[in-house]
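To start, the structure under review is shown below, and the notes come after it.
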Amino acid sequence: MEEITNFLKQIQSIIEANSKYKLEAYSFVLGALNHTVTRLPKKRHVTGRELLQGIREYAVDQYGPMTRLVLDYWGVKKTQDFGEIVFTLVDAGLMSKTDEDSLEDFRDVYDFEEAFDRSFRYDFEESPDAGTKHGQDETSQGAQ
């Protein structure tokens, strides 16, 4: 319990210093990191791009067609935002990085609309009766 309390205090101090992202965004990135690492055959450091792929999978799994709306509410609008969150967590000692890791690894990796909206596009076909009254076509409706 103390570990969770310390984590929340650290995140709260991050948010007080910079309120660009909501607490949930930081927590989500840590969850997405766990998701990404546990899917690897062997535990190892993941690159920024690997983490972003894990973030995409985890986000869609958690929030489905609402993913982009949720991320937007948290202040996350592009992949670089995830990088800023990651490096803030690194600075706070909650994540680690290698010398090769940089914020650039997170720049423009994927478009949010393409990544989060396209897989949920629904194609509602117009029913044969659409625009008619009780299955009658427009010409028979006018004759009534």
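Just so you know, all these numbers are worked out from the coordinates, no wet-lab data involved. Remember, it's a predicted structure, so these values are computed and weren't measured experimentally. Heads up, the Cβs are rebuilt from the backbone with ideal geometry, glycines too, and the neighbour counts pull from every protein chain shown.
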Check your understanding: Assuming Val76 fulfils every condition listed in (1) assigned to a helix (DSSP H, G or I); (2) under 24 Å from Ser119 (Cα atoms); (3) among the β-branched types (Val, Ile, Thr) apart from one, which condition is it?
Key -> (1)
Exercise for review: Collect the residues in the range 31-52 that are surrounded by fewer than 17 Cβ atoms within 10 Å (Cβ to Cβ) and not charged (D, E, K, R), keeping them in residue-number order.
Suggested key: Gly31, Asn34, Val37, Thr38, Leu40, Pro41, His45, Thr47
Point to revise | Residues satisfying the stated conditions in the range 87-122, i.e. among the aliphatic types (A, V, I, L, M) and either in a helix (DSSP H, G or I) or loosely packed, with under 12 Cβ neighbours inside 10 Å (or both) | key: Leu89, Val90, Leu103, Ala115
Exercise for review: Being touching a Leu at 6+ places or on another chain (Cβ under 8 Å) and either in a loop (DSSP other than H, G, I, E, B) or at positive phi (or both) is the filter here, so list the residues in the range 36-54 that pass it.
Suggested key: Val46
Check your understanding: If you go through the range 92-100 one residue at a time, do you hit one that is of a type outside the set (Lys, Arg) and under 17 Å from the mean Cα position of the chain (by Cα)?
Key -> no
Exercise for review: Scan the range 14-68 for residues that are more than 18 Å from the chain's Cα centre (by Cα) and touching a residue at least 24 places away in the same chain (Cβ under 8 Å) and jot them down.
Suggested key: Ile14, Asn18, His45
Check your understanding: Looking at Glu57, is it of a type in the set (Asp, Glu) and outside any loop (DSSP other than H, G, I, E, B)?
Key -> yes
Point to revise | Pair list, Cβ < 6 Å and 6+ apart or interchain, from the range 75-102 residues that are free of Cβ contacts under 8 Å to residues at least 24 places away in the same chain to residues that are in a helix (DSSP H, G or I) | key: Phe87/Leu103; Lys97/Val90
